[in-house]
Amino acid sequence: MPLRQKSVPALPSSLNLTGKTALVTGANKALGFATCQRYIEHSISKLILAVRNVETGEAAKVMLLQGASLRQRLSRQPVGISVRKLDMESLASIVALIDGLATENIPIHIALLNAGIWKMKWAITPETGYETVFQVSYLSTAVLTLFLLPILVRTSEATSARSVLTVVGSKLQSDSSWKKKKTAPPSIFSEFANEATFSGF
């Protein structure tokens with residue numbers, strides 16, 4: 001299976017995100033950070049950087065604001081960036097993030113769930129007992145999605161505009177080792193909680 005990713009078409013220059021708020025998980029580096037840069041280029045009004053480490057999130061915020069300064073001077077539409085703690089190994093952290101957004105009645109027009117990890121060695125998330133990659137890249141992402149949906153729906157209804165939820169995945173998921181099995185495992189959860197069936201790939 002070739003891992004080379006096809007080129008992604010550039011966003012249309014006409015795209016204007018003025019008045020929109022975007023929440024990005026894993027926003028302090030790589031795809032999350034690059035996407036935040038694109039949002040700023042298209043005049044997003046507010047960005048919420050949901051990150052495991054607030055200190056690195058604040059550093060990313062500074063870099064994003066420095067990169068946005070020229071655009072801001074030209075458009076006179078400064079972007080508001082806030083940093084929120086989100087540890088995807090902790091369901092309590094997910095609940096705290098959602099509770100904060102709901103309490104402050106913050107609308108979310110765009111949610112990009114980009115946070116994920118890849119570990120080659122077996123590790124357990126103490127809070128849930130599940131293998132860490134499964135916890136972060138799947139289980140916590142699913143939980144966060146379910147908790148975000150009411151906020152996205154409320155935002156859409158209040159603005160009469162569609163809200164957008166995107167989950168970033170890997171092309172490797174299309175090459176699952178389960179394809180090679182004659183029968184599906186009785187439980188996906190038990191399969192991922194079993195060190196004997198663990199594979200970093």
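Coordinate-derived values only; no laboratory data. Since this is a predicted model, take the numbers as computed values, not measurements.
Some points to look at:
- The P(r) of the chain has a tail past 30 Å containing 28 percent of all C-alpha pairs.
- Across K85/K121; K46/K85; K20/K171; K61/K121; K29/K61, pairs whose alpha-carbon gap is larger than 20 Å: K85/K121; K20/K171; K61/K121
- Straight-line cross-link partners of K180 among the aspartates and glutamates, defined as a Cα under 13 Å from its Cα and at least 8 positions apart when in the same chain, are absent.
- Using equal-weight Cα scatterers in the Debye expression, the normalised intensity of the range 95-169 in log10 at q = 0.14, 0.20, 0.21 Å⁻¹ is -0.52, -0.87, -0.93.
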